[in-house]
Structures are given as structure tokens and as C-alpha cells.
Amino acid sequence: MPFSDLHRDLEGRASLGLLRQRRMLQSPQSPHISVDGKSYLSFCSNDYLGLANHPQLIAALQQGAAQYGVGAGAAHLLSGHTQAHHELEIALADFVGKPAALLFSTGYMANLGAVQALVGKDDTVFADKLNHASLNDAMQLSRAKVQRYRHNDVAQLAQLLEKTNSGRKLVITDAVFSMDGDLASLPELLALCEQHDAWLLVDDAHGFGVLGEGGRGSLSHSGIASPRILYMATLGKAAGVSGAFVAAEQVVIDTLINHAHSYVYTTATPPALANAVLASLQLIEQGEGLRAHLLSLIAQLRSGLHKLPWKLMLSTTAIQPLLIGDNRKALHLSDALRERGIWVAAIRPPTVPQGTARLRITLSAAHGAADVKRLIEALHELAR
């Protein structure tokens, strides 16, 4: 059997400290979880507002299941598109200030579908080098020419756009970079797109619900709006449920309905999830207290960790990466925290560049100041 190559590859990854393994939760997502039968204080969830186990969302999900059943049963373009999906798309478009929106099963599928549907072999995609893997895969799938620019280097992007004189031009970027926690320079990117007649696809997976007025995301936070912007956000992080959406001009959404393979050729998400997201939008809009508390926790963490031998990377978001460097040292530190009942994930290449292994600390509005203090004290103890 041709498995020997697979075994060698996995053994090689393990020797480099790069082997990935899953751990199993036996509890709802929250700051205090049960993993493989043990209790942990968790700092590795993207549940930024603490909504994943919110009773109002649970009730909305139950009501949706009672009304629509469990599965959608078909693709949206057959018989799987329900009133719940329709109402949610209208609500999402209105929430982020765009004419129309389209639901996808995941953020990965939303990015794949949008890029593949809008550009092809005669076009060019311009991409930040630290973009999420879904954007990287999307531009390869599209068969468009690819130009990658240094992270947040707007000047280099301007040079690349200047040299491109034919075909459609699409700039794609994370709004909040998932492993560094920093922000894209969206106003500058939009200005370049306007100057060079390009689209701007913004992946706001980690900004939606957290940034901007009423949690409306990175466009609101940056104070920008334009028909050129294609906005993607996920619904399984701050929103606490599942799925994703693209919001854009109606003609763009109609194009995705007809040409985005990851939308056309897949079963619709369970309508009960759409019901839950509708309830989540209300909590997000009313969540200024949650966002203010989250900001206070971020400030507490950064103040408490600034004297450690490991560098806390520049970030004002709930993603607070502690740069360790060596893969094995990052794993060792993560394991040492776990022995103390604290769960923080070690992130290693190829997810991040070589030599930049880190602990990715993520905060939630469901954390308390005592939780953050416990993490700070544990890291100082390990540093000694």
C-alpha cells in the first residue's frame, strides 16, 4: 500500500514540532471549558463577544428547527432557500450598509466563490502576503495572474497596480489579520482601487461584530464606503453561530448566485442557523458594553505582559500574539500553560512564517479581569 510516503511526511513534521493534532471539547464554547475530560481556562476561541452559548441564540436556533426542521435538504438554487435565509441576507446587507448580501456555508467557501466568480485568466489579483489561506487558495483557483505585496505595504501595491493595464483588477486583504491581530490600511487600499479602477475584497472575519459602530465591522471602523468594496464576514466568530456572507452591489451578488461554484453546488446551511444569526445581529448591535469590556481586557493583558522576555506583537484587537520564535519552545510553553489549566494555542509554520512561532492569545468579552490576571501570572511564572 502506498502509505509509506504519508508516514514519512508525518514523522518529518513531528520531528520539526509541526505535527497538528485535535483536542476534543465536552462543553459549550466559553472561557471555562472541558477538553479531553479536564477543565481549562481558554484563550484560544474566536468567540469574541461570548455569544456562542448565549441563551437567546439557543432559543432562536430551537425555534428555527421547530419551524424549518434540521437540514435545508437542497442547494439554494433548487429548493433549499428558505424565508429564514432570505430575511437574514436582507438584514446582513442592511447591517453593514451594502445593497445586497449572499449567505455561504463558511468563510472559506465565501472567499473561494467570490474570487473565482469575479476574476479569471485574463485578470489580476493583488494580495497581501499575510492573507488568510482561504484568500490564497481562492486566487489560485481563479486562474487569474497573482501579484503579492509585502504585508500592509501600500506603496508596493501601488507600483504593482501601476504596471497592470489590462483585465479586471481585484485587491484582496484581511481586515484584521488572523495571526498578527493588526489591521489593514483600508482607506489607503480603497484610494488605490479608485485610482486604478480595481475592486477591493475585504475579509472581515475577525472584525465583524467587534469593530465599528454597533459592531458593524472594519468598514465602519475605518469610515469608508464604496461600491468597489466586496465585503466578506464570517458568522461563527463574534456572531457566535456559523456560516458567512458576502455583501456588495446587487449586480455582484447576482453574479455570485450564477457563477460562484461554492454557492451553486452545495446544500444550503440549515435554516435554523439563519434564525440564530438574526438573533445574534440584535445582540451585536446592542453590545457596546461587551465591546467596551473586551477593550479593557486587551489593555489589561498588554499592560501585564510587556515585561516578558517574549515580544507581544502590535495589536489593538482581541487577537494578541506572543512571539516565541522557535517551534518547540512555543509548543513547550503552550504545554506548560495547559499543565496549569490554561489553554492557549501554539501557532507554527506554515500558518505563520518560519521563525515566528507564537502563542495566539484570543480574548472574549466573556472573560473576566480575574481570568486575564491568571494568564498574566502564569506567563510570568514560566518566564522565571
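The values are calculated or read from the model by the stated rules, or taken from the named source; none is laboratory data. These numbers come from a predicted model, not from an experiment. Note: ideal-geometry Cβ built from the backbone for every residue, glycine included; neighbour counts use all protein chains shown.
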Going by the structure shown, is Val277 more than 28 Å from Ala318 (Cα to Cα) and assigned to a helix (DSSP H, G or I)? no
Just to be sure I understand, how many residues within segment 217-240 are within 22 Å of Leu294 (Cβ to Cβ) and basic (Lys, Arg)? 1
Sort through Leu141, Leu112, Leu130, Leu103 and tell me the only one that's under 25 Å from Ala65 (Cβ atoms) and in contact (Cβ under 8 Å) with a residue 24 or more places away in the chain. Leu103
Residue that is among the hydrophobic types (A, V, I, L, M, F, W, C), surrounded by 14 or more Cβ atoms within 10 Å (Cβ to Cβ) and over 28 Å from Ala336 (Cα atoms), where the choices are Ala52, Ala72: Ala72
Out of all the residues in segment 60-69, is one or more outside any helix (DSSP H, G or I), modelled with pLDDT of 95 or more and out of contact with any strand residue (DSSP E or B) (no Cβ under 8 Å at 6 or more places or on another chain)? yes
Considering only segment 11-27, state which residues are surrounded by 13 or more Cβ atoms within 10 Å (Cβ to Cβ), modelled with pLDDT of 85 or more and outside any strand (DSSP E or B). Arg13, Ser27
Among the residues of segment 340-356, the number that are surrounded by 14 or more Cβ atoms within 10 Å (Cβ to Cβ) and of a type in the set (S, T, N, Q) is 2
Out of the residues in segment 186-205 that are touching a Ser or Thr at 6+ places or on another chain (Cβ under 9 Å) and part of a loop (DSSP other than H, G, I, E, B), state the one that is surrounded by the most Cβ atoms within 10 Å (Cβ to Cβ). Asp204
If only one of Gly304, Gly236, Gly289, Gly243 is at pLDDT 95 or above and under 22 Å from Ser79 (Cα atoms), which one is it? Gly243
